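Take a look at the structure below.
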Amino acid sequence: MGLRLAFAGFRHGHILSLYQRSLEHEAVEVVAACEEDDAAARAVARGSSAVAITHRDFGKMLSEVECDAVAVGDYYGKRGSLILTALEHGKHAIADKPLCTGRSEVDRIEELALARGLKVGCMLTMRDSRPMLGLRKLLREGTIGEVHAITFGGQHPLLHDSRPQWYFEEGKHGGTINDIGVHALDAIPWMTGLRVKRIEAARCWNAFADHAPHFQDGAQLMLSLENGCGVLGDVSYFAPDAAGYDLPLYWRVTVWGRRGVAETSSSAAEIRLALDTDHELRSAPLPPGKAGGFLEAFLRDIAGDTPGDGELDTKAVLASARLALEVQKAADEGRTQVDLIG
C-alpha cells in the first residue's frame, strides 16, 4: 500500500503542484482534500479540474478518512496549527513553504514529531533545481576555493491583482523573509556545508503595496556563516510584474571564493565562473534536475531510509524553518548581531 495522503488547504497555488505529483506517483494515494474557506473552495473548483474537494472541515476529514499523512497549503498563518493537529492525530505532515509563522509552532512541531516518530516535509524546491544543484556541486568540490562572500537576489513580482488577497490581511502572511527568504536560508548551508553563525542585520518595510501599509514587501538581510563568510540578500516583492519570474535576476546567486567566483540563477542554462587564472568568464554545464525531489525525500524519510547527499529530511526542514523565523524576528524587532551558534 502506498502513502495515503490527505490535503488540507488550497490557499496558495504551490500546493497544486504537490497535488498533481501525488496523483501521478505510484507510491502515493490521494484520499481526501479539504478546503474550509468558501471562496477558496469555489476558486479551486473553477481553476483545477484535477482537485476534488471532499471535505469542508479539517477535523471531520481527519476523523472520517484513513490517511497516513497530511499535505498543508492553507494561508501561512494557519499552516502551523494544521500541521500540529495532523501530528496530534498521528499523521506525518508535508507543507508548502513556509512551514509556519511562529517560532513556538516550530518547537512544538519538532517536539511532537520526535515523540511520535513522525516526519515533516516541505516544498523547498531550490534543492531540486538544476542551477542550484550545479552550484552546490561546484562549491562542494572546492572549484572556487573557500567561500568568503555570497550575494543573492530572490525578488518576486508583487502581482497584486492575481496574488491571493490574504497576503495583505494582517496576521495571515507572517513576513516576507519567512515567506521568500526561507528558500535561500535553506539553500546556502546546503550548498556550502556552512551553518549560519550570526544574523548581522535584517530589514522589512512597506514600499510597493500602498493599499496595505502593514504589508512589508521590502526585505533584505545580512548574515555571517561559521567560517566568517558574509551573506547579503534581497527577497523583496520588487520584480516587474510581467517578466519577474523569467528574468535572469530571479534567484540570482553569486559566490566569491578564495580561488574565483561563480554565478547562476533559477532561469540560467549554465554556471558562469572565473578562477584566478582566467581572463574572462567561462561556463560549466548543469546537472540533471530533481523535479519533485522534496516529495521523494519525504517518502524516504517516512520509510526510515538514510537521507541521500543533500536530501531533505525532518531535521533539515525544521532547521530551515527555524532559521527563517529567527531572521524574520530580527527584522521585525530591529535587532542586529544575533548569534545563532557559539
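The values are calculated or read from the model by the stated rules, or taken from the named source; none is laboratory data. Predicted model, so just to flag it, every value in this text is computed and none were measured. Note: ideal-geometry Cβ built from the backbone for every residue, glycine included; neighbour counts use all protein chains shown. These area figures cover heavy atoms from the full protein model, side chains too; ligands, DNA and RNA do not enter into them. Shrake-Rupley method; radii C 1.70, N 1.55, O 1.52, S 1.80 Å.
Side notes on the structure shown:
- With θ taken as phi - 60° and the Karplus curve 6.51 cos²θ - 1.76 cosθ + 1.60 applied, the whole-hertz 3J(HN,Hα) list for region 224-237 is 10, 8, 5, 9, x, 4, x, 10, 10, x, 10, 10, 6, 8 Hz, x standing for glycine and proline.
- When peptides 95-103, 20-28, 234-242 are sorted by average Cβ neighbour count within 10 Å, with the highest value leading, the order is 95-103, 234-242, 20-28.
- Sparse-neighbourhood loop sites, trypsin sites (Lys or Arg not before Pro) in region 139-195 - DSSP loop, at most 16 other Cβ within 10 angstrom: Arg195
- Residue-normalised accessible area of region 191-342, expressed per residue, 1.4 Å probe, Å²: 50
- What a 1.4 Å probe finds exposed on the chain is 49% carbon and sulfur by accessible area, rounded to a whole percent.
- Pairs exceeding a 25 Å alpha-carbon distance, out of Lys60/Lys172; Lys290/Lys329; Lys290/Lys315; Lys137/Lys197: Lys290/Lys329.
- Region 62-142: GluC sites (Glu not before Pro) in DSSP coil with no more than 16 other Cβ atoms inside 10 Å: Glu66, Glu141
- Of all DSSP beta bridges in the chain, antiparallel share, percent nearest 5: 60
- Using Cβ point charges alone (K and R +1, D and E -1), the dipole size of the chain about the Cα centre works out to roughly 420 debye.
- Highest average first, the peptides 273-279, 126-132 ordered by how many other beta carbon atoms sit within 10 Å of their residues are 126-132, 273-279.
- A simple count of charges around Ala207, restricted to other residues whose Cβ falls under 14 Å of its Cβ and scoring Lys, Arg +1 and Asp, Glu -1, yields -2.
- Three-way shape label, region 1-129, alpha-carbon gyration tensor, a/c 1.5: rounded
- Between region 115-194 and region 288-323, the alpha-carbon center distance in angstrom: 14
- From phi via Karplus (6.51, -1.76, 1.60), per-residue ³J(HN,Hα) for region 252-257 in Hz, x at Gly/Pro: 8, 10, 10, 10, 9, x
- Tensor-based shape of region 182-289 (alpha-carbon gyration tensor, a/c under 1.5 rounded, otherwise prolate or oblate): oblate
- Around Ala32: net Lys/Arg minus Asp/Glu count, Cβ-Cβ under 14 Å: -3
- Accessible surface, region 19-150, averaged per residue in Å² (probe 1.4 Å): 42
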